[in-house]
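These notes concern the structure reproduced below.
Read the figures in this text as sums done on the coordinates, not as results from a lab. Bear in mind the structure is a predicted one, so any value in this text is a computation, not a measurement. Virtual Cβ from ideal backbone geometry, glycine too; neighbours counted across all protein chains shown.
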Amino acid sequence: MIRILWEYFFSWIVYLLGVLSNCFPRAVLHYILQLFPYLILGSICYGLDVIFLSVQGGHLRAVVDNAAHGIIAFISWCIVSEIQTRKNLIDGIMCGFIACAIDVDHFIAAKSFNLQDALHLNKRPFLHATTIVIIVVPILQVWIAQNIYFLRSLPYLFAVAVISHHLRDGNRRGLWFWPLGSTPPLPYWMYITCTVALPVIIKDMKSSIDKFAVIPISRQNSVLMDV
């Protein structure tokens, strides 16, 4: 069944590209193809919200909501990295996992594994403070990304995971900038726009920072020993 759906989807994409190639000049078509991943991301955000609103039952809604966070983060990272290597795919899965794991703080704050206790807190749990990005990302960049080559993308995928999660929650509750307070709930169009723009911003930031190569401390020590 999945294979049939995939083949149908792939044939539809090929057909659509053929139609577009006949309707637009090559330069315009290239521009459309560059925007295509972002259109897909926005469509998936909307589709997941439709599914979430149509689901009945507290436990199932919680599962769908959490899965939506992971899917959006995964696709966002795929856009950032363009999936050029196997590691990019692994990073995408890690990004989705982090986005899902953020909701664990509900249970930590409730001090209970009961879903109803976790969903009915007096205040928002600590991992839902957007200021955590400002604090954690520089730490990850300085102490991990510059010293462990395999984790060099961790600051960026962490930012994508957390911000995409907070934006989706922000549509209902606003963004929480501890200790300043929370914003009003984000209008739906703003949530979609910010979510689609997030990979663009992170991708550009990553490209700019990666131009300044920093030798990891472990490698610096080995160089000094060789001298």
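Below, the figures for the structure above:
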quantity: Region 78-163: C-alpha pair distances exceeding 16 Å, %; calculated: 59
quantity: Between region 140-167 and region 73-119, the Cα center-to-center distance that results, in Å; calculated: 13
quantity: Highest-first arrangement of 43-53, 186-196, 70-80, where packing means the average Cβ count within 10 Å; calculated: 70-80, 186-196, 43-53
quantity: Spherically averaged projected area of region 150-189 from its Cα convex hull (nm²); calculated: 3.4
quantity: Alpha carbon convex hull of region 38-189, volume per residue in cubic angstrom; calculated: 123
quantity: Nearest-20 debye value, region 60-201 charge dipole, Cβ charges on Lys, Arg, Asp, Glu; calculated: 80
quantity: Order by protection proxy (mean Cβ within 10 Å, highest first), peptides 94-102, 111-119; calculated: 94-102, 111-119
quantity: Relative intensity, log₁₀ I(q)/I(0), of region 86-131 from a Debye sum that treats every alpha carbon as a point, q = 0.13, 0.21, 0.26 Å⁻¹; calculated: -0.38, -0.70, -0.87
